[in-house]
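Input: a single structure, listed below in structure tokens.
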Amino acid sequence: MGDAGTLVPIDGGRISGDGMSVREGRVVAVIQGQWAAEASQALQLRYTNGGIQPVRVELAPLRLRRGGEEAALWSVSDMAGVNRSDGRTDNDVPPVLYDAGSATTAPTLTVPAKDERSLAIGFANFTGKERIRAGDIVRLDLPMPGRTHHIRFRAE
């Protein structure tokens with residue numbers, strides 16, 4: 001047991017090798033996550049819109065919870081076009097859509113028709129005295145068009 005690892009999906013969607021996938025109408029979200037006892041919790045989230053109209057996703061309901069504690073949303077970055085392995089430096093830094101230090105509410109994300117949006121999401125550590133550790137169960141409140149889904153992960 002270390003002090004960092006993967007957030008392994010338990011329930012709330014379809015578990016696959018890519019993480020957890022959730023469908024709401026023509027929109028699919030795929031989520032993967034990591035945890036760290038002494039740092040922030042991180043998620044990679046990809047929304048894919050299979051419809052013929054753009055969809056809007058209000059990111060304000062995005063929450064990460066453990067029991068009665070909540071890890072505050074720290075940042076949301078748009079990963080479209082980011083490639084840190086191609087030798088270029090002009091596409092290494094993703095645009096920040098939300099930063100807890102300068103914004104008051106999480107943004108609304110528009111996913112174009114027949115397209116996808118990939119996000120890097122950071123949460124602060126949990127508010128209680130106990131740091132996250134292997135075996136803990138956390139719940140992600142995942143905003144989708146029309147409703148919020150609840151996904152549980154186990155820290156491994």
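Just to verify a result, which residue in the range 57-75, among those that are more than 21 Å from D99 (Cβ to Cβ) and of a type in the set (K, R), is farthest from the chain's Cα centre (by Cα)?
Per the stated criteria, the residue is R66.
Answer yes or no: is there a residue in the range 80-103 that is of a type in the set (S, T, Y), at pLDDT below 95 and assigned to a strand (DSSP E or B).
yes
Among the residues of the range 109-132, which ones are open to solvent by 10 Å² or more (accessible area, probe 1.4 Å), part of a strand (DSSP E or B) and under 20 Å from I52 (Cβ atoms)?
T110, D115, E116, R117
Check S118, S102 and return the single one that is more than 18 Å from the chain's Cα centre (by Cα) and of a type in the set (S, T, N, Q).
S102
Among the residues of the range 1-11, is there at least one that is closer than 28 Å to A134 by Cβ, acidic (D, E) and open to solvent by 50 Å² or more (accessible area, probe 1.4 Å)?
yes
For the range 1-15, enumerate the residues that are within 16 Å of the chain's Cα centre (by Cα), in a strand (DSSP E or B) and small (G, A, S).
Answer for the range 1-15, where residues must be within 16 Å of the chain's Cα centre (by Cα), in a strand (DSSP E or B) and small (G, A, S): just G5.
Within the range 133-156, how many residues are over 14 Å from A71 (Cα atoms), open to solvent by 20 Å² or more (accessible area, probe 1.4 Å) and β-branched (V, I, T)?
Count: 1.
Being open to solvent by 50 Å² or more (accessible area, probe 1.4 Å), within 12 Å of P145 (Cα to Cα) and touching a residue at least 40 places away in the same chain (Cβ under 8 Å), is that true of even one residue in the range 32-39?
No - not one qualifying residue is present in the range 32-39.
The values are calculated or read from the model by the stated rules, or taken from the named source; none is laboratory data. Model, not experiment: these values are computed from the prediction. Here Cβ is always computed from backbone atoms with ideal geometry, including for glycine, and neighbour counts include all displayed protein chains. Just so you know, the surface numbers come from the protein's heavy atoms only, side chains and all, with ligands and any DNA or RNA stripped out. Shrake-Rupley method; radii C 1.70, N 1.55, O 1.52, S 1.80 Å.
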